[in-house]
Amino acid sequence: MRSVVDERTPASGRRTAPPPRRPGTAGRVRHRGVGERPNLLGGLGALAWLAVVVLPLYALVIATFQRGENYVPEGPLAPPSDPTLGNYATAVDKGLLGFIGNTALVTVGVVALVVVLAATTSFAVVRSRTRLTDTAFRMFLLGLAIPAQAVIIPVYVIIVRLELYDTLAAIVLPTAAFALPVCVLILVGSMRDISEELYEAMALDGAGPVRTFWRLVVPMSRSGLGTVAVYSALQAWNGFLFPLILTQSSDRRVITMGLYEFQGEYRVDVPGLLTAVVLSTVPLFLVYLVARRSLADGLMGVGGK
Amino acid sequence: MSAPARSRAAPRTGRPGPLWALPGALFFGVFAVLPMLLVAYLSFTHWNGLGTPAFAGLDNWTRLAGDPLMHRAAGLSLLLTVSSWAIQTPISLLLGVWSAGRQRGRAFLSAVFFLPLLLSSAAVAIVWRALLDPNFGPLAWAGPALGLGSLDPLGSGGSAFWVIVAVAAWQFIPLHMLLYQGGARQIPATLYQAARIDGAGRLGMFWHITLPQLRNTITTSSVLMVVGSLTYFDTVLIMTDGGPGTDTTIVPYLMFRAGFRSWELGYAGAIAFTLVVVATLIALVMVRLTGFGSMRSTREGL
Amino acid sequence: MTTPRVGTAAALAALTLLTATACSGGGAASEDMHVWMYQDTLVVVQEGAVERFNEDQGADGTTAVIDQVPGDNYVERLRTAMGSAQKPDVFFNWGAGSIAPYAEQGLLEPLDDHLAQNPELAEAFLPSVLESGKVDGVQYGIPLRGTQPVVLFYNRAVFDEVGAEPPQTWDDLLSLVDEFTEADVTPFALAGADPWTEQMWLQYLVDRIGGPEVFARIAGGDSEGWRDPAILQAAETVADLVDRGAFGDSYASVSYTEGGASTLLSEGRAAMHLMGSWEYSTHLDQAPEFAENDLGYVTFPPLPDGAGDPANIVGNPTNYFSVTAEGPHLEHALEFLAYTAQDEYVADMVANGEVPTTTGAEDVLADSPDPEFAVFQYELVRDAPHFQLSWDQALTPEIATPMVTEIEALFNGQSTPEEFVDAVAAL
């Protein structure tokens, strides 16, 4: 396994990494000349995909202003003849905002846990290089592909034993644990890219591990930490199985559960149900509007940047 | 020149002790590793969720080996994985490379392409289920309008499975597109400039520069797809509940059904442990293939 | 060097724990007494009971709250909660088979002593109904709902349009299928995404063809009972109905719990719907005009040469409240049970279209929104030689879960009647 840890990819001949690039700087280079003739085929393909993405989203959003009884007769694509905000009022009445609040709490908890744990663990893995940390790293690597479903039964048993059943912590703890392997991997990647010289300079200053961590490692892994935060936040925001099995009462309901249960409650009121979906997406959408770059860069980071 | 040699040569000052890894490792141990061991244990017991598990020897495993439903589920999971990969990879690769260009229009379109990522799996499943409802959704309007009579893609075995594949593609292509976009932007422009001087066409450059340069991204994205398909569950539960019949009962759903519908937690444990083993094997292969362990130092070599 | 490192690690561990607990959102068990109900339109009756209970308790007493659990997940949620420390104090169930696993583990409070001390409660219910709340002779359940036989509902307006009469015989039923198909109306609404609705058809067919003995043998644990010719004939009848288009083309993804099938009937897109008597309350809530003017009902017709008594019915005799053993509100939970026999409670049930299982219910049926339907149900249940509990409630979950999937496959044409018999016999 040690060989795996230290193995180079064929592409990388050199060991010493260049100082980490800020997100986006690499891409600023225009590698397709501006004066090049336009890529017609690519454009057409992109337009086709645009239709695939936008049509359902359009049908989704437009339906939320439609009255339930007009939905089928008027068809999904026509703007409502008699638009209404009533669906939104109903969704709010049904406690949707509370579910979003719960989800936000869960998300904050997961992100905090994952960022702290992944950062300290990765720091140890990259810089400590003892058999213990290698073992820990190996464990995380093997855990990379473990599906949360596979262990839901024992997780349920453990949560019940910890007397955490039906609390938000019951969702936070396993969600964070299952986000850890990918996050450790990402952070180990960005911490390895910090050049040896910088570490040595810190050491010459007489900095201990804590100072090195705060002054060098954290600032230099900012983009990795961003990726980790985005990744774990999405895991928490979208989590389904853990809340399904580990909570039950309505005041611990997170938004995915709320939607799942609305599906049963709303009966055949498709616009009502779709309104709940749209409302559930508003918080993330706002984040996206404000921080589109960081969100996209964060997710690109999952692929290794 | 090997890393450990360098490490030993470097001063120890400022290096963290292994204790720094302890909180993370312990945490992962309790909520992920321990459960995996417990799953292995459960698979040798009969347990209905109440009271204490009773030792069952190999009962669950012999049953698993002979369960036609499990064979079917494994086949469906495999088909889901393969077809998801085959559909998502080309589309997301092409779109990703295309959108890596810095033209204003492309930037705008990538921003739109991102949108499905803002919806949770539950939301995606609910939206598509509503849109495909044969009586109260758009199909109730579209069927007669197009003269096709009543359409019920989720109601017939064959089409329901492909609906799941299509919804997975709709949901995840934006993510993979983003990965390829990121990958393509890291390809040094000099490579293209040199190729252009040599008179290479667009197709040639794509084939000889873009694809080889993206191979790490391709591996990463493929691995994510495989793992994702293995754990695809929320969508199946919400859209089809494993049906019609058992036509969309993939392995994770079968495990859920055995565990939380039939309350045969021992048998569910055997299915789950099978998943764990397969997932671990995939993780191993992935670590070998990607050199993930070496910390994606891919760009260093460029 | 070691000490600061340990200190840092400890600090980080502490931070981790803090974050985790801060997120638990005050997870401590609340002081309220939790009453779990299956979420549907009938819950208003139990809400009234909880309100009266809380009033009687006064400001200082225990407060009861109803947790409405969505129907799709009720059984799973109950089981996971019963395995934890957050058990409900009082919970809705289907009696006998559905609570047997809990009773075996000693998780339920035996109610015999309580009933002996409160004879007026014991005497309030029809003895035969109280009987189904027992496990191995011990009383664990108190009836909480009206009786729920499955009957054939139909849309009068649609029948008038086509000029048809509700079916009296199987031949009537088959010719109605043709008539409605021709008129472009789905003959029977069927919620194929909820296979327990398909199970109702099979249950009636098996009972009409072979009588109640056929399933009794299976419920007794003899899986060879599935090989009874009546099962095969019933399955063939199902296949025949499907082939004739009795359920239309797109039923496989129609849901009952989401209201799909009921809406098809009330909107006149389907002519008939085989469903439990709660269907009436559903329409009263969702489509009141239809419920009052156009909702018709008949019994399931006999089959030619069938051995079963056409007066037999299937469905749920009623639902029950059970009390969790050693709960923090045990005494109050027991007290709460008495509220299901109160006059106000019975009146609420009747007003909501239910037919109570309390003794003397006959006298109050006149107050029902549709006294005719109430009396119809009451007499149906009273005169039925056999009332078959839903198969999936009568069997243990490890058999019931795959069984309903097999039923679904049969209705979807994914398995032939012979394959169906082989599959269920192998369970």
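Bear in mind these aren't lab numbers, they're just calculated from the coordinates by the rules spelled out. Predicted model, so just to flag it, every value in this text is computed and none were measured. Neighbour counts are summed over all protein chains in view; Cβ atoms, including those assigned to glycine, are modelled from backbone coordinates with ideal geometry.
Got a sec? How would B:Val251, A:Val92 order by Cβ neighbour count within 10 Å, fewest to most?
A:Val92, B:Val251
Average projected area of the Cα convex hull of the range B:55-301, in nm²?
Directional mean of the projected Cα hull area for the range B:55-301 stands at 17.6 nm².
Quick one: compute the contact order of chain C, relative version, from alpha carbon pairs under 8 angstrom and 6+ residues apart, as a percent.
24 percent
Roughly how far apart, in whole Å, are the Cα centres of the range B:151-200 and the range C:231-270?
One Cα centre to the other: 40 Å.
Tell me, what is the FRET efficiency for C:Ala366 and A:Leu162 to the nearest 0.05, using R0 = 45 angstrom and their Cβ-Cβ distance as r?
After rounding to 0.05, the efficiency reads 0.20.
Based on alpha-carbon centroids, what's the gap between the range B:228-254 and the range C:298-338 in Å, whole number please?
Value for the Cα centre distance between the two parts: 32 Å.
Using only the Cα atoms of the range B:154-201, construct the convex hull and provide its projected area averaged over every direction, in square nanometres to one decimal.
Mean orientational projected area (the range B:154-201, Cα hull): 5.0 nm².
What is the percent of Cα-Cα separations in the range C:255-407 that go past 19 Å?
Values: 7659 of 11628 pairs.
More than 19 Å apart: 66 percent of the Cα pairs in the range C:255-407.
Show me the ranking of peptides C:227-238, C:172-183, C:86-97 by mean Cβ neighbours inside 10 Å, starting with the highest.
C:86-97, C:227-238, C:172-183
Calculate the translational D of the range A:83-140 in whole µm² s⁻¹ from Stokes-Einstein, where the hydrodynamic radius comes from the Kirkwood formula applied to all Cα pairs, the temperature is 20 °C and the viscosity 1.002 mPa s.
Once the numbers are plugged in, D ends up at 146 µm²/s.
Can you give me the convex hull volume of the Cα atoms of chain C, divided per residue and expressed in Å³? Write down the numbers at each step before the final one.
Numbers: hull volume 79.6 nm³, N = 427.
Once divided by residue count, the hull of chain C is 186 Å³.
Around C:Glu354, with a cut-off of 10 angstrom between Cβ atoms, what is the net charge of the other residues, counting Lys and Arg +1 and Asp and Glu -1? All intermediate terms of the calculation are to be shown ahead of the outcome.
Values: positive: C:Arg145; negative: C:Asp348.
Every neighbour counted, the sum reads 0.
What 222 nm value per residue comes from the helices of the protein assembly as shown, counting each DSSP H run with n ≥ 4 as -39,500 (n - 2.57) and dividing by all residues, nearest 500 deg cm²/dmol?
-18000 deg cm²/dmol, from helical runs alone.
Considering every residue in B:236-246, what mean count of other chain Cβ atoms within 10 Å of its Cβ is obtained? Present the calculation step by step, with values, prior to reporting the outcome.
Details: counts 0, 5, 5, 1, 3, 8, 2, 10, 13, 13, 6.
The mean count of partner-chain Cβ atoms within 10 Å per residue comes to 6.
In the neighborhood of C:Glu326, defined by Cβ-to-Cβ distances under 10 Å, what is the net charge if each Lys or Arg adds +1 and each Asp or Glu adds -1?
Once positives and negatives cancel, what remains is 0.
Using the crude model of +1 on Lys and Arg Cβ and -1 on Asp and Glu Cβ, and no other charge, please compute the dipole size for chain B relative to its Cα centre, in debye to 20.
With Lys and Arg at +1 and Asp and Glu at -1, about 1520 debye.
As an exercise, take the mean of 1/r over every pair of distinct alpha carbons in the protein assembly as shown, invert it, and state the Kirkwood radius in angstroms.
30.9 Å
List the relative contact order of the range B:55-301 as a percent without decimals, with contacts defined as Cα pairs under 8 Å and 6+ residues apart.
Averaging sequence separation for qualifying contacts and normalising by length gives 28 percent for the range B:55-301.
Taking the alpha-carbon centroid of each part, what is the distance from the range A:152-215 to the range A:87-134 in angstrom?
If we compute the Cα centre of each part, the gap is 11 Å.
Once Lys and Arg get +1 and Asp and Glu get -1 on their Cβ, which of A:Val160, B:Ala100, C:Tyr204 lies farthest toward the positive end of the dipole of the protein assembly as shown?
Selected residue: B:Ala100.
Using a 10 Å cut-off around each Cβ, can you sort B:Phe260, B:Phe108 from fewest to most neighbouring Cβ atoms?
The most exposed by this proxy come first: B:Phe108, B:Phe260.
Count, for each residue of A:114-126, the Cβ atoms from other chains sitting within 10 Å of its Cβ, then give me the mean as a whole number.
6
Pick out, from B:Phe114, B:Thr246, B:Ala56, the residue whose Cα sits farthest towards the positive end of the charge dipole of the range B:55-301, with +1 on the Cβ of Lys and Arg and -1 on the Cβ of Asp and Glu.
Of B:Phe114, B:Thr246, B:Ala56, it is B:Phe114.
Average partner chain C-beta neighbours within 10 Å, per residue of A:195-205?
On the way: counts 0, 5, 0, 0, 5, 4, 1, 3, 6, 3, 2.
Per residue, the average neighbour count from other chains is 3.
Roughly how many nanometres apart are two label points built 7 Å out from the Cα toward the Cβ at B:Ala145 and C:Asp178?
Result for the modelled spin labels: 3.7 nm.
Around A:Gly239, under 14 Å between beta carbons, what's the net of Lys plus Arg minus Asp minus Glu among the other residues?
+1
Based on the Cβ-Cβ distance of C:Arg244 and C:Thr41, what FRET efficiency does E = 1/(1 + (r/R0)^6) give at R0 = 45 Å, to the nearest 0.05? Intermediate values should be presented prior to the final figure.
Numbers: r = 32 Å, r/R0 = 0.72.
It comes out at approximately 0.90.
Give me the Kirkwood hydrodynamic radius of the range A:161-217 in Å, from all C-alpha pairs, to one decimal place? Don't skip to the end; give the middle numbers.
On the way: mean 1/r = 0.0710 Å⁻¹.
The answer is 14.1 Å.
Please give the per residue volume of the convex hull enclosing the alpha carbon atoms of the range C:205-297, rounded to a whole number of Å³.
Roughly 129 Å³ of hull volume per residue.
Any idea what angle helix C:43-57 forms with the longest principal axis of chain C, computed on alpha-carbon atoms, 0 to 90 degrees, nearest 10?
Long axis of C:43-57 versus the principal axis of chain C: about 40 degrees.
Sorting A:Ile194, B:Ile173 on the 10 Å Cβ count, fewest up front, what's the list?
Details: A:Ile194 20, B:Ile173 24.
Going from sparsest to densest Cβ surroundings: A:Ile194, B:Ile173.
May I ask what percent, to the nearest 5, of DSSP beta bridges between residues of chain C are antiparallel?
So the antiparallel bridges in chain C amount to around 60 percent.
About the Cα centre of the protein assembly as shown, what is the dipole size in debye to 20, counting +1 per Lys and Arg Cβ and -1 per Asp and Glu Cβ, all else neutral? The partial results should precede the final answer.
Values: 60 positive and 100 negative charges, 2353 e Å.
Charge dipole, the protein assembly as shown, about its Cα centre: 11300 debye, nearest 20.
Run the quick spin-label model on B:Tyr41 and C:Glu161: label points 7 Å from Cα toward the beta carbon, then report their separation in nm to one decimal.
6.3 nm
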